[in-house]
């Protein structure tokens, strides 16, 4: 078995095949004979619909899906999700085919009196589609878990700073970041193999790769100069941080954000918190997403400027100060400002910017 096949087998549940009454009379014998050793074949699916749980491959006939009283079969098809339906017959009827595809989740159509190999091939295709959907849903769930873990890491760091227990917080963040980095790297490797199945999985893999790099940097910061409060946070290149934010937004399904980079500036503010806060400001916020984001120097400050299409930036200030990461930025002297010259611009001022050595 290929490595991809092994990966998919780890995501899937045992194959279930459910037969409608008319499908039972046409294909039950061949399915039981050829697949009975590895599949759970329910020949009386409609009679036991209340106790069945998907995912499953459902086989129905064209006459059944077009019948006036097809509600029970529709419920059975819903229970089979994310499994798909194989339609028997209807190959020469456009209305039947359209209804099957749009309303019943049909992925394969076979003749009214199919031979054994045709039926088996259609069920195999439906099974492959089922595995793909289970893998996709599992990968999305895993990504949600990793994002929750990142939010937890930010909460830990914020709590440590608020309570003044910086050493305890650094130790907790160090342990958490080290373990989370290992977890993220494992998920990236798994998604890299599944990525060929769906572009959304590939975007999830790329997003996790960026998050892994970000957590690694948080770990490095937590373990650098642990006894010297002034030196323990090495400056981070702002251009790199903003580029990471832009990429994460795209990988999460957001629109690309323009803006010239190349400031050459750095900041000592925690990059994990800064990335989180910039994403909350730039991606699908209370009054929409930012259309441009860039950074420049103003006196001793680095200014990250966000432009919105039509939002009144002044209305966003209080909303973004409610972010869980804002206390971390505010404690380092960060400020959110607006400008009378353009009501669509919001600025994040970061104090004591320095020239980047990167």
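Listing for the model above:
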| item | result |
| --- | --- |
| Residue ID - farthest from residue 274 (Cα to Cα), chosen from residues in the range 320-338 that are modelled with pLDDT of 85 or more and part of a loop (DSSP other than H, G, I, E, B) | 333 |
| Filtered residues of the range 299-309 (kept if more than 12 Å from residue 286 (Cα to Cα) and either under 26 Å from the mean Cα position of the chain (by Cα) or touching a residue at least 24 places away in the same chain (Cβ under 8 Å) (or both)) | 300, 301, 302, 303, 304, 305, 306, 307, 309 |
| Among residues of the range 265-292, those that are in contact with a helix residue (DSSP H, G or I) (Cβ under 7 Å, 6 or more places away or on another chain), part of a strand (DSSP E or B) and surrounded by fewer than 24 Cβ atoms within 10 Å (Cβ to Cβ), counted | 3 |
| Matching option when the condition is without any contact (Cβ under 8 Å) to a residue 12 or more places away in the chain and touching a helix residue (DSSP H, G or I) at 6+ places or on another chain (Cβ under 8 Å), among 70, 124, 78 | 70 |
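The values are calculated or read from the model by the stated rules, or taken from the named source; none is laboratory data. Since we're looking at a predicted model, the values are computed, not measured. Glycine gets a Cβ as well: all are built from the backbone with ideal geometry, and neighbour counts include every protein chain shown.
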